[in-house]
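Throughout, read-outs are computed from the coordinates displayed, never taken from laboratory work. The model shown is predicted, which means the values in this text are computed figures rather than measured ones. FYI the Cβ positions are ideal-geometry reconstructions off the backbone, even for glycines, and counts take in every protein chain you see.
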Amino acid sequence: MSMTKSDGSAVPRADVSFNRDAVMPRLDWLCANRFLRGLVVPFLLLALWQLSASMGWAPSSSIPSPAAVAEGWYEWIAGPITPLAWYSGTWLNYTLLSLRRVATGFAIAAAAGTLSGLLLGWYALINDLFENVVNFLRAIPTTAWMPFIVFFFGIHETAAITLIAFGAFFPIATTIAAAARQTPRTLVRAARMLGTPSRKLLWRVVLPSTLPAVFAGLRIGLGLSWVLVIVAEMLAVQGGLGYALWSAYQVNRLDLILAAIISVGIFGLMSDWLLVRLAGLSLRWQRGLVGQ
Amino acid sequence: MNEFPPIECKSLSKVYRGIRGEQVVAFHDISLQIQRGEFVTLIGPSGCGKTSLLYMLAGFETKTSGDMLVDGKGIKGPGSDRAVVFQEYALFPWLNLRRNIEYGPRERRVPQAEMQVSVDGMLRTVGLEAAAMRYPHELSAGMRQRAALARVLVNEPKILLMDEPFAALDAQTRLSLQRELSRLSEAMNLTVLFITHSVEEAVLLGDRVLVMTARPGRIFADVPVSFARPRDPTDHEFNDCRRAIEDLLKQATNPSVGEYAC
C-alpha cells in the first residue's frame, strides 16, 4: 500500500512496522488456535510441579508429585469399595452429592434472589422496608450461621442446602437490586408512552434491561455456592467432596486432598462456563455492546 | 366530532424542587393552542422548560397549576395517543428492530395478522426493511431515530411530541429525516410539537415557531411561517425569517412580547 503523488511517482514513506517474524520465533500452529493457547500456561504449571517434585526441591512428604496425586485419585475413582479403605471407589458418589447440593441450593438462591433483587431495586417502598434487614444479614459472614443451621436441621442434607441458598441469595439479590435501580428512565417512559401500564413495567422493561446484571449476580452466587458446599461438607454433612477433603486431612493423605481440590476446581469451572454460555444465549442483543 | 384543539394549555405553570429543596420555576403562565394537523416548533434557551412542557403533555410529569388539555380532556398519564420521540432514541436494546416496532401494537393487543401488515408497512415507510432483524446497537444513529419514529407512528397517534430528535445526527442524515418527517406528518395529518435548538430546523419544519424566554420560561413570540413547502434554506424568504427568529431568540431574555410574521 503506497501513496502516489499527482504525477504518479511513489511518495517515500517511513516503514514504522517492525518485522514480527524476525523478532519472535514462529509458532503458527499455536497462535492460530485459541484453545491450544489457553492450555499453554496450565501445562507449564503442571510441568513445574512435576519437576520440583522429581528434582527434590520440595520434600515429597509435604508436596506429592502430580503422578502420586494421579495414582491416589485413580484409586479414589476406580478402586474397590471396601470397608477398610474409606475413600476407595467413592469419588463419583461424593461428586454427585456435592453437585446436587450446589445445584439445589443455587437454584433456590437464584430464583429468590432474582425476584427479591428486582422488587428491591424497582419498588422504593419495598426497598425502604427491607433495606436495613438485608444489609444487616449481608454483613454477617454466611459461615457464621453454620452452628445455628446444624443445630436447627441436624447433620442432614437440608443443612447444606440451606447454607448455600442463604449465602448465595444476598450477592445475587443486591447485585440485581443495584442494577434494577439504574433502569434507564427514558426506556421506562418509552414503554409507558407505548401503552405499558405501570404494574407491568417490572416485567417489560426492568427485567430485560437488568438481565446483564442478573447474570453477573448469578455468577457471583454460583462461585459462593461452591465455597459454601465445601464448608458445609467439612463441618456438617456426610459425603461430598468437602467431606472427602477433610477426611483425607485427618489421615494425612495429601495426594487425596489435592485430588479433591482439583475436582472442586474442575466442577466450579464447568458450572461457571455453563452459566456464561446460558447468559450468552439470552444476551444475544448485547453482543458487540460490551467487551468486544 | 368534537372541535377541541388537540393541544391546549391555559395559564400553565411548572414549579419543581431543586437539589437544595428550593423552588425552581421551570415556566410560568403559558397559554397556547395547537390546531389539528399543525406542526409547531418550539425554540428557546437551555433550561427554559421546553422539555418539561413536552413531558407534561406526554404525561410523564405533572402540572403545578393551570390547565393542560388534549382533545379537550385533562391528561391522566402517558398514552399511545401521544407519541413521543426522544433525542436519545430510547429503543429497547434487547429487542430487534421489528420487535421494537411491534411493541406498541402488542401492548394494545392488536391481532397478529393485522400487526404484521402494519409493521411491514411502517418498515417500508422508513426504509428499514433490510434491517428489521438487527438490534439497535448494530444500527447507525439515523437508522435508530428512523426506527424510533416508526415505533410510534405504527400506533397511528394523532399527536407527535418530539424532543430535539435530530440534534445528535450528522447534517446529511438530519436533512433526510427532516424531509421524511415533513412528508409523514402531512400525510398522516399529525399534530406535532417539535422542540429544537436550531433556528433553521424550526423554520424548515414549523407552521408556527414558538420562542420561549429563559427561566422562568414564557412564550416570548409566536411566529407563523406561511411560505410554501418544501422549503429551501437558501431562499431569501427563508433567510429573512430565520434572521428574524434569531433576533427574537436574542431578545427573549428581555421581558417584552415580540411580534413578527414571516
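Within region B:128-150, identify whether any single residue is under 16 Å from the mean Cα position of the chain (by Cα) and more than 14 Å from chain A (Cβ to nearest Cβ), and answer yes or no. The answer is yes; a qualifying residue exists.
Of all the residues in region B:122-134, those that are free of Cβ contacts under 8 Å to residues at least 24 places away in the same chain and in a helix (DSSP H, G or I) number 3. On inspection, A:PHE166 fails the criterion of being aromatic (Phe, Trp, Tyr) and buried (at least 23 other Cβ atoms within 10 Å of the Cβ). Within region A:68-92, being surrounded by 12 or more Cβ atoms within 10 Å (Cβ to Cβ) and outside any loop (DSSP other than H, G, I, E, B) holds for A:ALA68, A:VAL69, A:ALA70, A:GLU71, A:GLY72, A:TRP73, A:TYR74, A:GLU75, A:TRP76, A:ILE77, A:TRP91. Among the residues of region A:174-189, not one is in contact with a Lys or Arg (Cβ under 7 Å, 6 or more places away or on another chain) and closer than 13 Å to B:PRO93 by Cα.
Taking the criterion of being within 30 Å of B:GLY72 (Cβ to Cβ), away from chain A (no Cβ under 14 Å) and surrounded by 15 or more Cβ atoms within 10 Å (Cβ to Cβ), would at least one residue in region B:162-182 satisfy it? Scanning region B:162-182, I find at least one residue that is within 30 Å of B:GLY72 (Cβ to Cβ), away from chain A (no Cβ under 14 Å) and surrounded by 15 or more Cβ atoms within 10 Å (Cβ to Cβ), so the answer is yes. Check region A:109-117 and report whether any residue there is in a helix (DSSP H, G or I), exposed (fewer than 15 other Cβ atoms within 10 Å of the Cβ) and among the small types (Gly, Ala, Ser). Yes; the residues of region A:109-117 include at least one that is in a helix (DSSP H, G or I), exposed (fewer than 15 other Cβ atoms within 10 Å of the Cβ) and among the small types (Gly, Ala, Ser).
Against the conditions (1) touching a helix residue (DSSP H, G or I) at 6+ places or on another chain (Cβ under 9 Å); (2) surrounded by fewer than 22 Cβ atoms within 10 Å (Cβ to Cβ); (3) more than 14 Å from chain A (Cβ to nearest Cβ), B:ALA202 satisfies every one except (2).
Report yes if B:GLY74 is among the small types (Gly, Ala, Ser) and touching a residue at least 24 places away in the same chain (Cβ under 8 Å), otherwise no. Judged against the criteria, B:GLY74 is not a match. Could you tell me whether A:PRO59 is in contact (Cβ under 8 Å) with a residue 12 or more places away in the chain and outside any helix (DSSP H, G or I)? No.
Scanning region A:183-208 for residues that are within 7 Å of another protein chain (Cβ to nearest Cβ) and either among the hydrophobic types (A, V, I, L, M, F, W, C) or touching a residue at least 24 places away in the same chain (Cβ under 8 Å) (or both) returns A:LEU187, A:ALA190, A:MET193, A:LEU194. Residues in region A:125-151 that are out of contact with any Leu (no Cβ under 7 Å at 6 or more places or on another chain), free of Cβ contacts under 8 Å to residues at least 60 places away in the same chain, surrounded by 14 or more Cβ atoms within 10 Å (Cβ to Cβ) and over 15 Å from A:ALA173 (Cα atoms): there are none.
Quickly run through region A:177-232 and pick out the residues that are among the aromatic types (Phe, Trp, Tyr) and within 30 Å of A:HIS156 (Cα to Cα).
We begin by selecting, within region A:177-232, every residue among the aromatic types (Phe, Trp, Tyr); these are A:203, A:215, A:226.
Matches in region A:177-232: A:TRP226 only.
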